Amino acid sequence: MNKKTIKHSSYTLKPAHIIETKYLTDDIKYFKLRFTDGTDLDYTPGQFVMVSMCGVGEVPISISSTPTRKGFFELVIRKAGKVTSDIHSLKTGDKIGIRGPMGRKIPLSTIEGKDLIFVAGGLGIVPLRSFIDFVLDNRRDFGKVEILLGCKTPEEILFKDEIKDWEETLNVEFNCTVDKADPKWKGNVGLITSLIPSIFVYPERTYAIVCGPPIMYKFVIKALLEKGIKEDHIILSLERHMKCGVGKCGHCQIGNYYCCQDGPVFFYHEIKNNWEAL
Amino acid sequence: MQRYYVLNKNKLINFLSFIQSRSKLAAPVKKGEKSYAFEYITDLEKIALHYLPTILPVKKYFLPQRETLIEFNKKTRKTTHVIEFEELTLFGVHTCDLVGMQCLNAVMVEDPKDINYLERKNKLTVIAFECNSYCDEHATCGIMRTFIPSSGYDILFTEFDTYFLIHIGTTKGSEIVNESRLFDVAQKEHFDELNKLRKRKEEIFKPEINASYDELKKLMERACCTGAWEGIFDKCLSCGTCTNVCPTCYCFDINDDIDLNLLNGCRMRTWDSCQNEGFAKVAGGENFREERKNRQVHRYMRKFKYPVDKYNMYFCTGCGRCSRACVAKISLKETMNLLSERIKL
Amino acid sequence: MPKTVYVNVEYLTRVEGHGNIVVNVTDGNIEKCNLEIVEAPRLFEGMLRGRSIFEAQHITSRICGICSCGHTLASLQAAEDAIGFKQSAQTEKLRKLLLYQEILDSHILHIYLLAAPDLLGVKSFVPLINSHNDVVRRALRMKKECNNMCEIIAGRHVHPISTTVGGFTKLPKESELDRMRQIMERMQEDMEATVELLTTLTFPSFERDTEYVAIVNDENEYPFLEGDVGSTDGVRFDKHEYKNYINEFVVPHSTAKHTKLSRDSYMVGALARYNLNHEKLNSEAKKAALKLKLEPGTKNPYLNTVAQAVESVYCIEESIKIIDELKETGVKHDEKITVGLNENKNIPVKAGRGIGAVEVPRGILFHDYEIDAEGRIINANCMIPTNQNLNNIERDMRKLVPEILEKTEEEITLFLEMLVRAYDPCISCSTHFLNVKFVK
Amino acid sequence: MKPKVAFFDFACCEGCQLQVANFGEELLDILEVVDVVNFREVMSENGEDYDIAIIEGSITNQHAVERIKKIREKAKIVIAYGACACTGGINAMKNNFEMPEIMHYVYKDDAKYFDTIPTKAVDQVVKVDYYVHGCPVYPKEFVDVLKCVLQGVEYKVPEKSVCTECKLNENECMFDKGLTCMGPITKAGCNSWCINNGNICFGCRGFVENPAKNAAIEVLKDHGLNPELIIKKINMYNTVLDEKLKKKGEE
Ligand SMILES: Cc1cc2nc3c(=O)[nH]c(=O)nc-3n(C[C@H](O)[C@H](O)[C@H](O)COP(=O)(O)OP(=O)(O)OC[C@H]3O[C@@H](n4cnc5c(N)ncnc54)[C@H](O)[C@@H]3O)c2cc1C
Ligand code: SF4
Ligand code: SF4
Ligand code: SF4
C-alpha cells in the first residue's frame, strides 16, 4: 500500500487551546476553547463539534455557547466512557483537535420575534444554552421566553448562576422540576411533562425547543401538542451514536436521515413519521 | 474513440501478463468448494474466470477493511492526513459488482466528499467480466436488473465461444487496449452475436421476486413498522456477515491506535455493521436498535428504501452474497417474496 | 555438627504451577523433606466425559500452556489409536516438526529464563537485561523464533490450532517452508552460542543412582513420538500396558500422585532420554554433548539442563532435515483436512480404547481414552511427566540435604530450589488427573 | 514513574503468562514502560508493592477467594487475563456436573479432602477493571489493553462477533465446509485466529454481549450437529456467562 499525505479532508483536525475549565458537577466539566489560529468557529445554535483525543478517540459534543459571543466557544462534557474521561484530564493551556462545526444550521429567522419555550432534560440544557444565550443576546428580537428544566436531583442542575441571571435580568420565566428532592429543595418534584400544562402560550406564535434523554421526547411532544403548539413549531435536538460526523459511517442514521448532517436538530413534522426517530 | 474490440481467447494470458507489466493485478481465485476471493495474482493460472460471487466484493479495494485516516504525534501535536492507495487492476469484476461500486461512488462523492475513497478509486482500473447466466439460486440480479453491464468499468469482457468481445468504458481502458496491441477491432458479426446474447440473457434472467422492480420500495414502506416481518429473523444471530459481504454496505467505525510509548499513532477506519449490538448505542445506555429484528429491518430499508429517496438507486445489486453467506440460511429472495405475499400493494 | 534447618519455600518460582519445598531438620535429623504440590484441582478427567474425541485435544492442551503441543499430540495419538486411524507420512513429519519446536521452545525457556538466573546468581532474567543484554535478547529471540515456527505449522504455540484428529487443517506454503528453513539456520548460530554459554557455567555436583525411563524403539532415530516404554533397568513394554507396569501411589503431602516402576522411583525427561537413547542422537547433538561433557549414564539430576541443551541441538538439526524433505517432495495440500467435530463424518469412528505416549519436554506423557461408538469419551486418564518425577525429586532431596547440611540455610534453600527446577517441573499439569491428598 | 505490574495465577494452564514470555524482544519494549515486580512463572522477585495486578486463572477454591480479595485490596487496577480469569474458561466446564459426582469420579474416596467450589470468573469475586479475553490471550489485544491502562482510559471489547473479523479476513466459512462454528456468537478481538488457521472457532472469548443462544442452537442443529454435542460445544467456554445470563433474565 502506498501512502500520501494531503492538506485537508473531512477528518482533518483543527487545533484549539483550552482557555478555561471548571467542574460543574462531579462528572461534568466545562471547557472554554479558542482556535490556536485565532479564528472563530462559524456555527449556529444546535450544531456540534467532534472533539479529538489523539490515541484514544473522537466524540461528538454540542456547542454550548452562542455564536454571538466571539473569540471562544464552550463545551460541557459528561464523563461517559473512554474518550470523555480522557477529555476530563485536560487542563487550561492544553491543546486539542476539533472538527466542525457539524450538523445542520437551522435558520434562526424562523423563530425571530416568536415566543419560545425551552424544554431541557438533564444534560439537554447544554446544547439548549447555545440557543438561550443567543436569544438573550438579542433579547428584543424575541417574545416571551420560558425555560423548563427537568433533572434527576437538585445537584444535577447545571449553570445555576446563569439561570439566576436569566431570570433576574433578562425577563425569562424559569421552571425546574426534579425526580428526587433533597431537604433543601423547594421547587417542583416530578416529571418535566408536569410543568407544561400550567404554562400559558399563544400557540400560533410559540416555538418549543426540546433536548433531553431519548425517553423524554414522546411525552413532552404530546404535552406540547396538547397546548396547541404546531408540529412545525416544535424543534428537537436528537442524540445518536456518531463516528464520522460527515454522513458516511452510518451510526447516526434515523430512518432516512443522517443525524449528523440532517440534524441533530429537527422540526417535529420532519420526523414524526420516521419509524426510528422517537 | 473506438469502443468495441475482440480478443482471441488464447491471447488472454498475454493480455493479463501485459496488465501485470503495468500494475499489480487482482482477480478471483478459488478458496474452497464454493468460495472465491479476489486476491493479488502472481500466478495467472490461479485465476478463476468463472466463479461464484467472491466472499467479499471488490469494495475491499475501494474501501479497505482497515485504513489509516490520520497520523499523529502526541508530543509535537502534529497530525497529518494520509491516503492509502495502490495502482491496481481488478480483472474479472462481475456485472452485479459494477453496480455495487456505483452505489458506493454515489455515497462517497456526496458532500462532504470522502477524499480517501475518491483518490484511491482513481488509482484502480476495473476490467469487468459479464455474467452470461446465473451464478446460483441466491442471485436476484434478474429483478434488480443488474445482469446487463451499463457502466462503471474501464474495460468490459463479454465471453463467447472462442473470443471475448471487449467494450471500452473509459479513456484509461482505451489506452490499455491500444498499448497491449492484442486486440482486433470488432466486426458486424460480433455485434450480432452480442445482441443475440443479450436477448438470450433477457430470457434467462427473470424477476426472482414476486413484485416488480418499482414496487420494491413501496413494499418496504408498507412493511416497515408492521408485523409483516414476523418470524423471518428469528434465527438471526447478528453476526454481521450479511453486511460485511454486501457490495453496497459501507458503514464504518473509527478508532485510534498508538504505540506503546504513547507517542505516535494513527486514526483508523474499519468496516462496521449495523447488525452489531453496539452500533446504535449511545452514552446514556439507550440502544436505538436493540432488537435483532429491527436491525435486520433497518438493513432492508437501507437497501430498498432510503437510498432510493436519496440517490434514486436501489442499494441491492442482486449478488446474493448476504443469503449465500448467512449461517442461519435467511434468504433475501425468500424474505422479499414472503413480504410481497403478506403485504397488499 | 548437629544442626537445625527449616526450609519452607512457599510457591516455588520459575516453575510452572504451584509447589512448596518443605524441609525440616532438627539436630541433624531429617524430619521432613517434601515437595508439596498445592495446585488447585481442575478435574479435566471428569470434564472430558461425554465430549467428542474431536474436542479432546482442544481441551487437554489447556492442561498446560508450556507443553500444550505435547498434550495435543498425545491426545491425538490416543484418539487416533482408539478409532484405528493411521496418520499419513506427511502428517507424521509435521507433527514431529511441531514437537521438536515445542521441545526446543520449552528447553530454551528453561535453560535461559528458569535455570540460568540461579547459575548467574540473580533472581530472574530481569537484572540480566542490563548485565547480560545480549544473552537475554538471544533467549527472547530464540523463543520467539520457535513461536514463529509453531505459528507456521499449527497456528500458534500456546494451544495449537490446526492440529486435529486426522491431520492438519492448514499446511505450510512453499514460501513458509523457506521461511522456516531460514529461521532454523539462524537458530543454529544462536544455539551454538547457547552451548558455549553453558560450558562456562558450573552445575552443582551431586549424584544419585536411579532408574531412567523414556520411549525406546528399534528405529535409528532418537525417539519422541513412537515406540515402547523402556528403562535403564532393562524393562521394556508396550505403551498400552503402562498401567500394568507403572505403579501410582498417593503420598499425604501432595495434590499430585507419585509413581514408581522397578525401584522406589524413576526419572523421565531430557536426561532420561539421553541416558537411554544417546546413541541415536545426530552428530551435531553428539558433538554438543562432548563439548558439554555430558556423558551417557550421568546420574546428576542438575545436568538435566545440559541434556536439554543437547536435545535442543538435535531438534534444530532434525527440523532442518524435515523441512528439506518437505521441500523436496512438496507439501501435498490435498491432505489438508476439515474436521471440526466431525459433523461431516469425514473420519470413521468406532468404539475402543487408545493410548498416546509422547516424549514431551519434561518426559513421557500418557493420554488414555476409552470411547463409545460415536466417538464420545467414556473414560479418560493422563499420566504427566512431572508426576512421574515427583517421587524421584523427593528422593534426591533426601540424599542431598545431609550432603549440604554444613551450608547456610539460604544456600540449602537455593540448592534445593535449583534441584527441583532442574527437573523443569510442570506442576499445573501434574495435578489435573490424579488422586491427591492434603497435608494432614 | 513506571507503573508496577504483578502477575498472579490461579487455576489455569499458565499459557497466557507464557504468551508474555513469547513476545520475544518486544517484551523488552514492554518492560520499558512498565516495571514487572512479580511474575512467578519466570521470576523469583516477589514484589508485594504493585499498581496493576494481572490475574490469570479462575477461582476454584476458598483459598483462592481469599487470595484474590487480598490482591484486589492492594492493586489499583485489576486485569482479568485470559479466558479462565474472564469467564471461567475451560475450568467452568466442571460446573455442568454435579460437584460431588465429578469429584468422586476423579478423586474417588479422597474427594473428601478437597476444598473446591464451582469455578468462578474473577469478576464474580472481586471487581475487574480490564478484561483480556481468549484462551490463550491474543498478544495484540493484550498490548492494546496495556496501552489503555497506561493512558488511564477504559478498554472496550468490540461488540461484534468473530464472524465479522473472519469475513474481513475473507476466510471460507466453516458452515460452507459442512462444519459448525462458534464464530457467530463469540466476541470478536482475536482477529478470527482459529479460522485463519483452518479450524473452527471454539468460542474461547465467550459470548457476545447479547447472544442469540436459542437461535444459535437451532442453527447448529440445522447444520447437522447432534443436540447433545451442541450444548457441550456451547458451554465449553460459556458456562459461567450462561449462568450470568440466566441470572440477568430472572432479575
Ligand atoms: C450530537 C451529539 C452531541 C453531544 N453533545 C454532548 C455534550 O455536549 N456533552 C456531553 O457530555 N456529551 C455529548 N454527547 C454524548 C457524547 O458524544 C458521548 O458521551 C461520547 O461519545 C461517549 O464517548 P466515550 O468514548 O466517552 O464513551 P465510550 O467509552 O465510547 O462509550 C460509552 C457509551 O457511549 C456510547 N457512545 C460511544 N460513542 C458514542 C457517540 N459517538 N455518540 C453517542 N454515544 C456514544 C457507547 O455506545 C457507550 O454506550 C453528544 C452526542 C451527540 C451525538
Ligand atoms: S443485499 Fe444481499 S444481494 Fe443485495 S447487494 Fe447486498 S449482499 Fe448482494
Ligand atoms: S467460519 Fe465461523 S467465524 Fe467465520 S464466518 Fe463462518 S461462522 Fe463466522
Ligand atoms: S477464533 Fe474463536 S476459539 Fe479461536 S481464538 Fe478466536 S474466539 Fe478463540
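The values are calculated or read from the model by the stated rules, or taken from the named source; none is laboratory data. Computed from a predicted model, the values in this text were never measured in an experiment. Here the Cβ is made from the backbone with ideal geometry for all residues, glycine too, and neighbour counts use every protein chain on show.
Data table
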{"quantity": "Answer from D:Cys181, D:Cys163 - the residue that is within 16 Å of ligand 2 (Cβ to nearest atom) and buried (at least 24 other Cβ atoms within 10 Å of the Cβ)", "calculated": "D:Cys163"}
{"quantity": "Flag for B:Leu237 being crowded, with 18+ Cβ neighbours inside 10 Å and over 30 Å from B:Gln65 (Cα atoms)", "calculated": "no"}
{"quantity": "Selection count where residues are crowded, with 24+ Cβ neighbours inside 10 Å, more than 7 Å from every other protein chain (Cβ to nearest Cβ) and farther than 14 Å from B:Leu104 by Cβ, scope the range B:240-266", "calculated": "1"}
{"quantity": "Test: residue in the range A:172-188 that is assigned to a helix (DSSP H, G or I) and either surrounded by fewer than 18 Cβ atoms within 10 Å (Cβ to Cβ) or touching a residue at least 12 places away in the same chain (Cβ under 8 Å) (or both)", "calculated": "no"}
{"quantity": "Any hit, the range B:132-141, residues being part of a loop (DSSP other than H, G, I, E, B), in contact with a strand residue (DSSP E or B) (Cβ under 7 Å, 6 or more places away or on another chain) and more than 10 Å from every other protein chain (Cβ to nearest Cβ)", "calculated": "yes"}
{"quantity": "Residue tally, condition outside any strand (DSSP E or B), closer than 25 Å to B:Lys123 by Cα and hydroxyl-bearing (Ser, Thr, Tyr), over the range B:147-169", "calculated": "3"}
{"quantity": "Members of the range B:170-198 found to be within 11 Å of B:Val6 (Cα to Cα) and not in a helix (DSSP H, G or I), listed by number", "calculated": "B:Leu182, B:Phe183, B:Asp184, B:Val185, B:Ala186, B:Gln187"}
{"quantity": "Any pair with Cβ under 6 angstrom, 6 or more apart, that starts in the range D:156-179 at a residue that is assigned by TED's automatic domain parsing to the domain that holds D:Val208 and ends at one that is within 16 Å of ligand 2 (Cβ to nearest atom) and of a type in the set (A, V, I, L, M)", "calculated": "D:Glu170/B:Ala37; D:Glu170/B:Ile55; D:Glu170/B:Leu56; D:Phe175/B:Val327"}
{"quantity": "Residues that are under 16 Å from D:Glu141 (Cα atoms), at the interface with chain B (Cβ under 7 Å from one of its Cβ atoms) and more than 8 Å from ligand 3 (Cβ to nearest atom), drawn from the range D:152-175", "calculated": "D:Glu159, D:Lys160"}
{"quantity": "Count of the range C:147-166 residues which are within 16 Å of ligand 3 (Cβ to nearest atom), under 12 Å from C:Thr91 (Cα atoms) and among the β-branched types (Val, Ile, Thr)", "calculated": "1"}
{"quantity": "Subset of the range B:273-303 that is within 16 Å of ligand 2 (Cβ to nearest atom) and within 14 Å of chain D (Cβ to nearest Cβ) - its residue that is nearest to B:Ala228 (Cα to Cα)", "calculated": "B:Gln296"}
{"quantity": "Of all residues making up the range B:326-345, the number that are in a helix (DSSP H, G or I) and surrounded by fewer than 22 Cβ atoms within 10 Å (Cβ to Cβ)", "calculated": "8"}
{"quantity": "Qualifying residue in the range A:21-43 (condition: in contact (Cβ under 8 Å) with a residue 12 or more places away in the chain, touching a Gly at 6+ places or on another chain (Cβ under 8 Å) and within 14 Å of another protein chain (Cβ to nearest Cβ))", "calculated": "no"}
{"quantity": "The range D:166-176 - residue that is more than 16 Å from ligand 2 (Cβ to nearest atom) and closer than 20 Å to D:Leu220 by Cβ and, of those, surrounded by the fewest Cβ atoms within 10 Å (Cβ to Cβ)", "calculated": "D:Glu172"}
{"quantity": "Subset of the range A:138-160 [more than 18 Å from the chain's Cα centre (by Cα) and outside any loop (DSSP other than H, G, I, E, B)]", "calculated": "A:Arg139, A:Arg140, A:Asp141, A:Pro154, A:Glu155"}
{"quantity": "Matching residues in the range C:128-144 - criterion: being over 19 Å from the mean Cα position of the chain (by Cα) and either at the interface with chain D (Cβ under 8 Å from one of its Cβ atoms) or modelled with pLDDT under 85 (or both)", "calculated": "C:Ile129, C:Val136, C:Arg137, C:Leu140, C:Arg141"}
{"quantity": "Extreme residue, farthest from the chain's Cα centre (by Cα), among residues of the range C:84-121 that are under 24 Å from C:Phe415 (Cβ atoms) and of a type outside the set (A, V, I, L, M)", "calculated": "C:Gly121"}
{"quantity": "Pick from the range B:118-159, criterion more than 21 Å from B:Leu104 (Cα to Cα) and exposed (fewer than 15 other Cβ atoms within 10 Å of the Cβ), ranking: nearest to ligand 3 (Cβ to nearest atom)", "calculated": "B:Asp136"}
{"quantity": "Residue match in the range B:315-325 (condition: assigned to a helix (DSSP H, G or I), in contact with a helix residue (DSSP H, G or I) (Cβ under 7 Å, 6 or more places away or on another chain), within 9 Å of another protein chain (Cβ to nearest Cβ) and crowded, with 22+ Cβ neighbours inside 10 Å)", "calculated": "yes"}
{"quantity": "Verdict on D:Lys127 being surrounded by fewer than 18 Cβ atoms within 10 Å (Cβ to Cβ), assigned by TED's automatic domain parsing to the domain that holds D:Val65 and more than 16 Å from ligand 1 (Cβ to nearest atom)", "calculated": "yes"}
{"quantity": "Residue in the range D:185-202 that is nearest to ligand 3 (Cβ to nearest atom), counting only those that are within 18 Å of C:Phe168 (Cα to Cα), of a type in the set (S, T, N, Q) and in contact (Cβ under 8 Å) with a residue 24 or more places away in the chain", "calculated": "D:Ser192"}
{"quantity": "Odd one out for C:Ile161 among (1) touching a Gly at 6+ places or on another chain (Cβ under 7 Å); (2) surrounded by 23 or more Cβ atoms within 10 Å (Cβ to Cβ); (3) part of a helix (DSSP H, G or I)", "calculated": "(3)"}
{"quantity": "Criterion violated by C:Val126 - all others in (1) of a type in the set (A, V, I, L, M); (2) touching a residue at least 12 places away in the same chain (Cβ under 8 Å); (3) over 29 Å from C:Asn379 (Cβ atoms) satisfied", "calculated": "(2)"}
{"quantity": "Residues of the range A:54-103 satisfying the condition of being within 12 Å of chain B (Cβ to nearest Cβ) and of a type in the set (Ser, Thr, Tyr)", "calculated": "A:Thr84, A:Ser85"}
{"quantity": "Matching strands (runs of 3 or more DSSP E) fully within the range D:1-86 where at least 1 residues are among the charged types (D, E, K, R)", "calculated": "D:4-9, D:35-39, D:52-56"}
{"quantity": "Test: D:Glu218 is more than 11 Å from chain C (Cβ to nearest Cβ), at pLDDT 90 or above and within 16 Å of ligand 2 (Cβ to nearest atom)", "calculated": "no"}
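So that you can scan it fast, the table gives a plain yes or no per residue for (1) within 16 Å of ligand 4 (Cβ to nearest atom); (2) within 9 Å of another protein chain (Cβ to nearest Cβ):
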site	(1), (2)
D:Arg67	no, no
D:Lys76	no, no
D:Ile79	no, no
D:Ala85	yes, no
D:Pro100	no, no
D:Lys112	no, no
D:Asp115	no, yes
